[in-house]
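Since the structure comes first, as structure tokens, the remarks are kept for the end.
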Protein chains: 2
Amino acid sequence: MISAWFFDNIRSVDPYVEERALKHQAQLTKPPGSLGRLEEIAVRLSTLQDRDRPSADKIHVTVFAADHGVAQEGVSAFPQEVTSQMLENFVRGGAAISVMCRSLGASLEIVDVGTVAGDTDRPGVHNRRAGEGTANIRIRDAMSEAQLEGSLQAGREAVERAVDAGADLFIGGDMGIANTTPATALACALLKADPKVLTGPGTGLNPAGVLHKAEVIRDALHRCAGVGDQPLEALRCLGGFEIAALAGAFIRGAQLGLPVLVDGFITTAAALAAVRHDPAVGSWLLFSHRSSEPGHGEILKALKAEPLLDLSLRLGEGSGAAAAVPLLRLACSLHNEMATFAEAGISEG
Amino acid sequence: MISAWFFDNIRSVDPYVEERALKHQAQLTKPPGSLGRLEEIAVRLSTLQDRDRPSADKIHVTVFAADHGVAQEGVSAFPQEVTSQMLENFVRGGAAISVMCRSLGASLEIVDVGTVAGDTDRPGVHNRRAGEGTANIRIRDAMSEAQLEGSLQAGREAVERAVDAGADLFIGGDMGIANTTPATALACALLKADPKVLTGPGTGLNPAGVLHKAEVIRDALHRCAGVGDQPLEALRCLGGFEIAALAGAFIRGAQLGLPVLVDGFITTAAALAAVRHDPAVGSWLLFSHRSSEPGHGEILKALKAEPLLDLSLRLGEGSGAAAAVPLLRLACSLHNEMATFAEAGISEG
């Protein structure tokens, strides 16, 4: 695995572009800093996109779907067949992320990285299936090395399609019944955290269900002791196909210089794995929202990430990132279109 | 004043519309509650707009501009002529709110409620001037009764234009150098709060400047002792023309059944006056963002308001409300366009 693509260099940024963007912000007709995080976003996008007029017009959203063997432990409020039913809903345009992408004019693609249902050639779905769902992480490794590489590759390809399409920004979404369990296990391993602290209700477990889920995760961590300092091995032992695909996408985005807007709990766990794999990936990640899944805050803290939104979302699919897209667009418009003090003939404070 | 329009009844809402909206949300293809505040917004707009398909497409933004006699106390980081210079900037499309309205496809109108500069007939600006700026509230009442009524009326008329244009939502913005001083004084009077607690840097005072500003406000409150239980009288003694216009707009919105999206510090102080004038106004107000002006949190708490955004904005002009508009639009799209479990043939949890 040592010579694989995911060890390639991460793109570096030009500090002069950032300097120019900051200088431009200071000339716009507003008290300095009064647009708060909208200024910060514009400067950040300008720097990452290496252009004086940043843009968030062309958004490429990829939702990665997969199933999880650990679902058999009863760790989700929904039955496993929902993953595949939701694939259909994405394609037909009825899911939250479908509606949001339509509303935002964003392009949406769906990648099956390994759902259980056997229908391997669904129209409108990229088939990058690494298996029929992962193994149950309570009792065995989630996937083989080949499956891990296949999943990372599925993420890489999605980002390459986004780059080819001229996207300004990449969003990765997740769909997978029970996937807060592997995501929490992965985060616990990488953060060396107690599952009791990070485990939450996911799509709607009751308190007893959360306790049981934490025990399942504790067993998985016990089984995989020592993977915490090997992010890719942690992904293989504890993760999921869609989580690995997200990590692969984030790594590839950082290699190719395509900024990524990270969604909620699942994608942030994938981002953590990507950043632990190569810390330079972190510069390319923007964080969209704080999920109501309780463990999200701990992962964000470890990544020193301050998401833009806090709306008690906990859906996944990339929906929280989609909700933040209009803020990025407004930040770009303000940066690109506001008059300067000189242009408007306004006295500076 | 007793028989004036602003004592008319506030529109009441139909509880059955809310019930239907909640029921509809529960059928959409997502775990219940997983869209968090986006669900809440959709249900709220559906209820207030009295329709099953809520909308935030047509947005009417009015920026009220005025000057403040208290500027002569040196309570702002910017000189007073900036108010009028910014009026020009609004009209020419170079200000933050101009850019945002263009980006959102929202209609923007500017009302001069009493700036100092004498040019009374600027193209593109509604002339509803109640005077050449208010008096210096440190030493005398901000305005006469007639000026108060004129300012409230300016707000009323803006909302009536919005209703006539078929707006789904009204946003009021403010422009007025030094206007955090009257807004803070007004809030202190209505909340019976210490100016030391509520006073902040506005557009950029240093700590000594903030201390001085708090003393000016303390003097004004001392002069107007006892107005705290008379919201309109507090507006007259301590407020500003644009603050009174915003209060008038909010009252009229609530009377005519047009939901209002409240911006930041200045507009929330105006909203507080409107709600103290008639508590029923509160149902018609949605709160967009938490300003970085420190006193904002106290006023929001008194109004039991939880704004949607917290982006360290402190510009005014309605810019924070504009930033929240896309969230309202996404909330409506999700409510109106997502598939139900039955439509999508998906197993419920």
Worksheet item: For A:Arg102, which of the numbered conditions (1) within 10 Å of another protein chain (Cβ to nearest Cβ); (2) buried (at least 20 other Cβ atoms within 10 Å of the Cβ); (3) modelled with pLDDT of 95 or more fails to hold?
Response: (2)
Worksheet, complete the sentence: The lone condition B:Leu211 fails out of (1) more than 14 Å from every other protein chain (Cβ to nearest Cβ); (2) buried (at least 24 other Cβ atoms within 10 Å of the Cβ) is (2)
Item to complete: Inspect all residues belonging to region B:314-325 and state whether any of them is among the basic types (Lys, Arg) and out of contact with any helix residue (DSSP H, G or I) (no Cβ under 6 Å at 6 or more places or on another chain).
Response: yes
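Among the residues of region B:14-53, what is the count of those that are assigned to a loop (DSSP other than H, G, I, E, B) and within 21 Å of the chain's Cα centre (by Cα)?
The number of residues fulfilling the criteria is 0.
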Fill in: Hits in region A:305-337 (condition: under 15 Å from the mean Cα position of the chain (by Cα) and either among the polar types (S, T, N, Q) or farther than 30 Å from B:Gly93 by Cβ (or both))
A:Ala305, A:Glu306, A:Pro307, A:Leu313, A:Arg314, A:Leu315, A:Gly316, A:Glu317, A:Gly318, A:Ser319, A:Gly320, A:Ala321
Worksheet entry | Filter result (closer than 29 Å to B:Val17 by Cβ, at the interface with another protein chain (Cβ under 9 Å from one of its Cβ atoms) and in a loop (DSSP other than H, G, I, E, B)) within region B:290-337 | B:Leu308
Practice prompt. Give just the number: which of (1) facing chain A (nearest Cβ under 10 Å); (2) surrounded by fewer than 16 Cβ atoms within 10 Å (Cβ to Cβ) does B:Ser34 not satisfy?
Written response: (2)
Worksheet entry | Counted residues, region A:76-91 - those being surrounded by fewer than 18 Cβ atoms within 10 Å (Cβ to Cβ) and at the interface with another protein chain (Cβ under 7 Å from one of its Cβ atoms) | 2
Worksheet item: In the set A:Gly124, A:Gly155, which member is out of contact with any Asp or Glu (no Cβ under 7 Å at 6 or more places or on another chain) and at pLDDT below 95?
Response: A:Gly124
Item to complete: Go through region A:230-280 and count every residue that is surrounded by fewer than 24 Cβ atoms within 10 Å (Cβ to Cβ) and under 16 Å from A:Arg44 (Cβ atoms).
Response: 4
Discussion item. Checking B:Gly200 against (1) assigned to a helix (DSSP H, G or I); (2) touching a Gly at 6+ places or on another chain (Cβ under 9 Å); (3) in contact (Cβ under 8 Å) with a residue 12 or more places away in the chain, only one condition comes out false. Which one?
Written reply: (1)
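The values are calculated or read from the model by the stated rules, or taken from the named source; none is laboratory data. What you see is a predicted model; the values in this text were computed from it and never measured. Ideal geometry is used to build each Cβ from the backbone, glycine not excepted, and the neighbour counts take in all protein chains shown.
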